[in-house]
Amino acid sequence: MSPASGKYGVLEMHFERNSEGRSLLRHLHREVPMIVQQALYFDEWLPLLPCVYILSSGGPHLEGDRYRVEVTLGEGAMAHISTGAATIIAPMDEDKAELHQSITLCEGAYLEWLPKPLIPASRSRYNALSEFEVARSATLFFSEVVACGRKHRGEMFDYEELLLSEVVRRPDGEVLSRGGVKIMPRMLSPQRWAFLGNFTHFGSIVVVTTPEAVAHLSPLLCPRVEDDFRLSVARLRNNGGFALRLAGNNSERLLAEIRTICSEVRKCIKGVPLQEEFPWR
């Protein structure tokens, strides 16, 4: 494939905890089309928690686009990060769009990452690599939801390629998890029995936390098999956390399940549940 000329978006965020226990967005660097306006403090259960929404002024991810996101939480800092809308991967001719995310949590840090769904359009190609470095006393909750395409346009698994990779490690280099998924619907149907079956949407959750929290959460994070929903749960190496996979038929159901699981993690770590999402979200 010949490379196409596209946008190069950069987002760097560094959160620190001040002497009053409030987490602040100390460093913010962004290059268009990526936008973060400011940290908001609207969470009634955790009023010292900054909530940040990542926006894009460039519309869908286009052919040749390259994005780099670096997020660091200092010692004891916390943050809640989401996106302003679903991420759409536009149709392409030859090249692809790429995203590289690097997330670092120092000792005692706490991060919730709950973006809106990823929607690959017809003929799109998208590669995303997420790298996590999580200290032993920190907690990471990272989630994503992937739709089958733009269903209202009749685009069901009509994209060319979707590659999602992730690696989770400790600061000393110990690898807790390494995996991902590569989907090429025009070569092999994602709805085969060994992958999605009759479902159209899938999601994933990575929870990295302390062994004590793992022991507390284990009875609460159980596999489920329902007519319209599936949930699998696996342990990370060395009792470092969990890797969960979800499947369903619409984004709303998967996002609701993710928020329920995130609320259990927050209650375990912070002692309070996740605030209900605003109606307009």
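Contact map, the range 167-190: first residue modelled with pLDDT of 95 or more, second residue in a strand (DSSP E or B) and of a type in the set (K, R), Cβ cut-off under 6 Å, separation 6 or more or different chains; pairs are V167/R178; V175/R169. Taking the range 47-83 as the range and being closer than 30 Å to E20 by Cβ and not in a strand (DSSP E or B) as the test, the residues that pass are P47, L48, L49, P50, G74, E75, G76, A77. Of the strands (runs of 3 or more DSSP E) entirely within the range 175-281, none holds at least 2 residues that are among the acidic types (D, E), in contact with a Ser or Thr (Cβ under 6 Å, 6 or more places away or on another chain) and closer than 19 Å to F132 by Cβ.
Would you tally the residues in the range 5-27 being in a strand (DSSP E or B) and within 21 Å of D65 (Cα to Cα)?
Restricting attention to the range 5-27, the residues satisfying the condition of being in a strand (DSSP E or B) are 8-17, 23-27.
Cutting the leftovers down to within 21 Å of D65 (Cα to Cα) gives us 8-13.
Residues that pass the stated criteria total 6.
For the range 84-136, the set of residues classified as polar (S, T, N, Q) and either assigned to a strand (DSSP E or B) or open to solvent by 30 Å² or more (accessible area, probe 1.4 Å) (or both) consists of T87, Q101, S102, T104, N127, S130, listed by residue number.
Scanning the range 237-259 for residues being within 15 Å of the chain's Cα centre (by Cα) and either open to solvent by 60 Å² or more (accessible area, probe 1.4 Å) or of a type in the set (D, E, K, R) (or both) gives a total of 3.
The values are calculated or read from the model by the stated rules, or taken from the named source; none is laboratory data. In this text, all values refer to a predicted model and were calculated from it rather than measured experimentally. Cβ sites come from the backbone with ideal geometry, for glycine too, and all protein chains shown count toward neighbours. With ligands, DNA and RNA removed, areas are computed over all heavy atoms of the protein, side chains included. Shrake-Rupley method; radii C 1.70, N 1.55, O 1.52, S 1.80 Å.
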